């Protein structure tokens, strides 16, 4: 997996106050630990936060520095290729815009 990304994919939203980018995925609540461990075990690639709960599913926010967006996307593509756990791209909830990361977890 390579570091860096010249173009920002549409799925990513800039969080300028934090200097980070975020994207959202919908998955089952029972899969939160899998995604959290998967991303946070790669040093400096991304953090995973639960942005919303929707029934038995959650909207996860994947929060990454700009240099690791491509790596995070490669990880997600690998999970999707394997087919389990199921993840669906989602819209980042409105509360997750701008300085959300700094306000919630600073």
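Here are some notes:
- For region 71-106, residues that are surrounded by 11 or more Cβ atoms within 10 Å (Cβ to Cβ) and either in a helix (DSSP H, G or I) or modelled with pLDDT of 75 or more (or both) total 25.
- Candidates 13, 71, 32 - the one that is within 12 Å of the chain's Cα centre (by Cα) and under 18 Å from residue 94 (Cα atoms): 13
- Answer residue from region 35-68, given it is touching a residue at least 60 places away in the same chain (Cβ under 8 Å) and surrounded by fewer than 19 Cβ atoms within 10 Å (Cβ to Cβ) and is nearest to residue 89 (Cα to Cα) among those: 66
The values are calculated or read from the model by the stated rules, or taken from the named source; none is laboratory data. Since the structure is predicted, the reported quantities are computational estimates derived from the model, not experimental observations. Cβ coordinates were reconstructed from backbone atoms using ideal geometry, including for glycine residues, and neighbour counts include every protein chain displayed.
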